[in-house]
Amino acid sequence: MSKSAPVRTPTDLTSSVAGGIGASPQRPDGNLKVRGEFAYASDLWHEDMIWGATLRSPHPYARIRSIDITEALKVPGVYAVLTHSDVPGKNLYGLEHPDQPVLAVDVVRYQGEPVALVGADHPETARRAMERIAVDYEVLEPVVDMEDAAHGRGTPLHPGGNLVRHVPIRHGDQQVTAEVVVTGEYEVGMQDQAFLGPESGLAVPGEDGGIDLYVATQWLHVDQKQVAQALGLPLDKVRLTLSGVGGAFGGREDLSMQVHASLLALHTGKPVKMVYNRLESFYGHVHRHPAKLYYEHGADRDGRLVYVKCRIYLDGGAYASSTPAVVANAATLGVGPYDVPNATVDCWGVYTNNPPCGAMRGFGAVQAGFAYESQMDKLAAAVGLDPVEVRIRNAMHEGSLMPTGQVVDSAAPVAELLRRVKDKPLPPVNRTEPVDIREMPGGASNTTHGEGVVRGIGYAVGIKNVCFSEGYDDFSTARVRVQVIGGELSALAHTAACEVGQGLVTIMQQIVRTELGVERVTIAPMDTTIGNGGSTSASRQTYVTGGAVRSACQTVRGRLFELAARKLGVDAVGLSLHGGKLVSDLHGVLADLVDVLGDDVVDETVEWRHRATESLDPVTGQGNAHVQYGFAAHRAVVDVDVELGLVKVVELDCAQDVGKALNPEAVLGQIQGGSAQGLGLAVMEEIQTSGGKIRNPSFTDYLIPTVLDMPPMSIDVLELADPHAPYGIRGVGEPPTISSTPAIVAAIRAATGLALTRAPVRPEHITGT
Amino acid sequence: MPDNSETPKQQHKRRTVLKAGGAAAIAGIAAAHSVTEASAATQAQDAALAADTEASAVPIVLTVNGQARQLRVEPRVTLLDALRERLDLTGTKKGCDRGECGACTVLVDGRRIKSCLTLAVMRQDCAITTVEGLAKGDDLHPVQAAFIRHDAFQCGGCTSGQIMSAVAVIDEGHTGSTDEIREWMSGNICRCAAYPNIVAAVQDAAKEKRP
Amino acid sequence: MKNFEYARANNPADAVRLVGDRPGATFIAGGTDLLNLMKDGAQTHDRIVDVNGLALTDISHGNGFLRVGALARMADVGAHRAVREKFPVVSQALLASASPQVRNMASIGGNLLQRTRCGYFRDTGSACNKRIPGSGCPAIDGENRGHAVLGVSDHCIAAHPSDLAVSLIAVDAVVLTNGPHGERRIPFGDFHLAPGDTPERENVLTHGELIVGLELPLTPAAAKSQYLKLRDRATFEFAVVSVAAALDLRGRTVNDVRLAFGGIATKPWRSTDAEAVLRGRALDTATIDAAGRAAVHGAIPRAHNAFKIDLVQRALSRVLHELGGVR
């Protein structure tokens, strides 16, 4: 429907390297990526395109008295200047609550909130035009304290007040007491996804009055719905295609430039490209909720947990985004992977004028994990037990009861994971001389050859829910087609599930090869011409879209057998496919599938959903809210230069149950990646805000781990099948992010004897000055 | 093909593509602040606008991947933007445009640099190699092949820069140990943290180079 | 980035004239800091004069000194044998700077003119006395973990970012310039300016004056020198605090010493007071601690950077213990 296709839109991916499930075949996009030919959203180009740019609020909280665009429109080369009054549909969007304006109307609630759009022949022209948009702001005192916001103190920022969601969980005896009590207060800083490819996309106006949007996102259909509502268009007039995605990690689940570029395209009749730079990216996506957590653990003298009481505050910033889900995760997973007979959990997610927060790898579970694991170490010390032993004594197992009353009904090898990391050989304390300073705290900075260095070891284990929870109708759609092309049997798999780097495209090929015995498998570009694939988040795509692809293959297989039965005059029962051949249980190989198919095409689309979940009781927090739990444990070995406050993570070992490793190489990649992001949160990563303003929106001032910070990892992958999941798999991407941070901080505590209640830990926290 | 110059018509069209996003996005934050005090500055901006036209573009020749490419660029155009937006070489990535991530690493006269931190006009008379210039037809450069073999990337956003740095690291002789590789590859951030596999790929490719 | 006119200089005189002629002109060498400042809008120029064609890249021996051309690149100077052997502190400071790619680009002369990482300075939406004199300094009561505790004024507390400059002040380098008023030799300690009430002035160069080289005097202290850099990440990051020390011991007695500090001051910070504590005394833990106290005398802490006062003393102690073989 678009006027013409842009340059560098995604193409079919076909890899000739064979490999079904359990193998680690080459990624089908690998060759393109190493050649620099993979088409990312930022690489899109269209013959007639213009550039879109966003004027953003400099204030965290202000009333807009007026917006005057007269002067901006006079700038030569400007095609359009748009404000809220130009939004034809609903000027509110949001993943769960539509509370965020496409363009601000009379108030801005965070620094960086979009106020106006410019479409121009050149980004530089757009910049000049934006300088001439006169926005008259009445600056207001920002709300920045999450606890005040939770408890009704301070200015309400939204009509319903500043509480987005409160999840209480009441489990067991609420009055119980214990012999040993440990308490703690913890803080987790605001982390950024910091994907390498900033937000970008291209909107092309269609001849039917609709829009074709090429974009880097995590969830095409939720974008489609929100864009359509904002534009006042029916869904079928908003067509999305996934462009190459330069990392996501949760940060692309919310809209960024999608509606803005589409609005400009509809207004100007021209294709509009928008690309954020790094600074704008820091303002243009949600971050990980910073958290304040208060915990009390009660146990007997043997270290067996009697109760856990906690209050968790999560700062959602200006708009809700996925705060409700983050709150539910933090609450339901708030006591960790332990058998806790009595629990009192309260978790609040709030509005403030801080940057909006939403999904990031491990959302909700990461913040709680830092606190409950810190508490378990405190408990170990209080009862005189080894930190691993105290965890094993309380470890959840299959059949355990969550504080929500849900029975953990598949493998929960928490004790086994802990034993595995504990039993790994330790790196030697005394290095060979001369010391390579790059292995020491301070890295390449020449700070120590061993002076002041103390070794510390820390452990942690974490739990994460996999897939969408609380009764959400979580499904994916897959289409699989089999036909003969050029005499060769070929399959095509098509979904709208977003490949963001994790390797879903590889997994889809592997599943088709395994299910249909077809070597040549093409992955069609992901778009909205097919049904919803759901979000690439919550570690769910291999589970749900993998399940859908398998299910589509099964349907295709049934059709092939019917075809064969008809053409060959055999019974469709007892047939199977092996290496492109049709095999009968009774008669062996019957025919080549190529011959059976001939010119016929078998093409099936299925929707596949995981078993249903339930909502949480709003008063007691009881309910079978989650479909699956994933577990990982880490052992961190650190060297701390206790005099200079520097930390070197010497080794970061991990054990994780993945149910079934469909692609072992990709599983390791996920565990390494998740662990590294946890390391970042432990020792360096934090968006610093002051009065609601981000003070470090750059990669010089917001630090992410380099290759020199990345420790060696020894990884054990357990494969304890979940009978409810396709192939028995368990979501992989998030669990390693959860236990990595507390394990590292525990190791630093072990080396320093300090309490260290805040992540990230900085040199001054160690030197105590 | 020594001369790959653009026709005047193409030049005009492609001018709109200069400076992808970068400057505009910054202005989003900066501009709003200056709104109330902007009127005084407006005249100065008008003058700047008048000067800031196509007339200020200068003809240059860039030698990229062995080809001399003629183009007209404004002096402010970085080498990165010239490659991506003018020469259609989008393999070189813009992750930060501030020299903080390494995704834009290219070789200039055999040395690796960050192409976002230099101007195209400053790099005439230089031999520029981008990721597109490494493979010989279907034959991947040993570093590219090693990156695939070792699964040394996920999203691929940093990969072009990692590969260009890796080619240079091997040439520099900084592959004596994994620690050395890690130190000298540390100018390239990988948020997917495929680091262990990147190190393995560099080590492997270095061996191939030094039989 | 605002547009500008681009010119290439063929010789130093050309360069000086091309910049000197135009108030809004400046030189470009590596460009690794200048282009970021221009992209951020923290600095604007209407003419950029490319000096990379000038023959100023040599590293050569003179009578009692090493001469380093201003256009020698950080990577080449850091790896140069004479620099590594005679001025280890300089080599170490260079190799601990930025990333390998940036070190391949950035020039020695340009590095001395590198501007602060202060977030308020680089954010045109903020007030900043360095960028817009008289507009105020939000760092003093704002986010100031990265800021200076020494050499500060009521107008500016921005920390100087260069590692190299800290090492050069510790080896008594001399900056050689060529400007509209001829050639100058500027002792390194006189080159940078503390902010005072003119934070926009960061050094003594006049408009159009070009750094052409450095002279590094060969001394026993410089040959026994070390750079220690403490940062928030193992590599590819600016200093939280850093120490450059050059030490000439006779037996256990300090014959000569140079101590300089980074990350804590508004300019490359040499502490002659700390040196005086050590000179002529036996180097031991007590004198080292006393030197540390002298080095931070008069430091003014703010809300987030007070830790640096202690941390830099610990860093100094570490360096001197190692250089002096104490313990």
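Here are some notes:
- Using only alpha-carbon positions in segment A:1-137, the gyration tensor eigenvalues give semi-axes of 40, 21, 13 Å once each is multiplied by 5 and square-rooted (largest first).
- Within 10 Å of each Cβ in A:56-69, the average number of Cβ atoms from other chains: 2
- Relative contact order, percent, segment C:5-50 [alpha-carbon distance under 8 Å, six or more residues apart]: 53
- Separation between Cα centres of segment B:138-211 and segment A:677-756, rounded to whole Å: 23
- What the Cα convex hull of segment C:5-50 gives, in volume per residue, is 61 Å³.
- Straight-distance crosslink candidates among aspartates and glutamates, where the alpha carbon sits under 16 Å from A:Lys693 and sequence neighbours closer than 8 are dropped: A:Glu113, A:Glu141, A:Asp145, A:Asp192, A:Glu280, A:Asp315, A:Asp701, C:Asp123, C:Asp141, C:Glu143
- Legend: calculated FRET efficiency, A:Glu614 to A:Val181, from the Cβ-Cβ distance at R0 = 41 Å, rounded to 0.05, equals 0.80.
- All-pairs alpha carbon distance profile, segment A:379-456, 5 Å steps from 0, percent: 3, 12, 14, 13, 12, 12, 11, 9, 7, 6, 2, 0
- Calculated P(r) tail over 19 Å for segment A:475-609, as whole % of Cα pairs: 47
- Span per principal axis, largest first, for the Cα atoms of chain A (Å): 80, 74, 60
- Viscosity 1.567 mPa s, 4 °C: Kirkwood-radius Stokes-Einstein D of segment B:142-209 over Cα pairs, µm²/s: 115
- Order of A:Phe282, A:Phe370 - criterion: other Cβ atoms within 10 Å of each residue's Cβ, fewest first: A:Phe282, A:Phe370
- Reachable lysines from C:Lys39, criterion Cα separation under 16 angstrom, eight or more residues apart if same chain: B:Lys19, B:Lys94, B:Lys114, C:Lys2
- Each other residue within a Cβ distance under 12 Å of A:Leu385 adds +1 if Lys or Arg and -1 if Asp or Glu, for a net charge of 0.
- Fraction in percent of alpha-carbon pairs per bin - 10 Å, the protein assembly as shown: 2, 9, 17, 23, 22, 16, 8, 3, 1, 0, 0
- Under 16 Å of direct C-alpha separation, and excluding same-chain neighbours fewer than eight residues apart, B:Lys93 reaches these aspartates and glutamates: A:Glu37, A:Asp43, A:Glu199, B:Asp81, B:Glu85, B:Glu132.
- Size of segment A:118-165 from its Cα atoms: along the principal axes, largest to smallest, the extents are 48, 23, 18 Å.
- Per residue of A:275-285, other chain Cβ atoms within 10 Å of the residue Cβ number 6 on average.
- Highest-fluctuation residue, C:Asn52, C:Asn305, C:Asn11 considered, GNM on chain C with Cα pairs under 10 Å: C:Asn11
- Kirkwood analysis of chain C, using all unique Cα-Cα pairs, places the hydrodynamic radius at 20.0 Å.
- Mean-position separation - Cα centroids, segment A:119-167 and segment C:271-311, in angstrom: 46
- Going from the residue with the fewest nearby Cβ atoms within 10 Å to the one with the most, B:Ser165, A:Ser66 rank A:Ser66, B:Ser165.
- Distance between segment A:90-111 and segment A:545-621 - C-alpha centres, whole angstrom: 45
- Summed side-chain charge close to A:Leu560 - residues other than A:Leu560 whose Cβ falls under 13 Å, Lys, Arg +1, Asp, Glu -1: -1
- 10 Å Cβ neighbours from other chains, averaged over peptide A:336-342: 0
- Of the DSSP H helices in chain A, those whose Cα atoms cover at least 24 Å axially and whose Kyte score averages 0.5 or more: A:664-683, A:735-752
- Overall dimensions of segment A:179-284 as given by Cα atoms, namely Rg and Dmax in Å: 17.9, 73
- Just so you know, the averaged projected area of the alpha carbon convex hull for segment A:280-433 sits at 12.5 nm².
- Ranked by how many other beta carbons lie within 10 Å on average, peptides A:306-316, A:708-718 from highest: A:306-316, A:708-718
All of the numbers you see were taken from the coordinates with simple rules; none came from a lab. Worth saying up front: this structure is predicted, and the values here are computed from it rather than measured. Every residue, glycine as well, gets a Cβ built from its backbone with ideal geometry; the counts of neighbours run over all protein chains shown.
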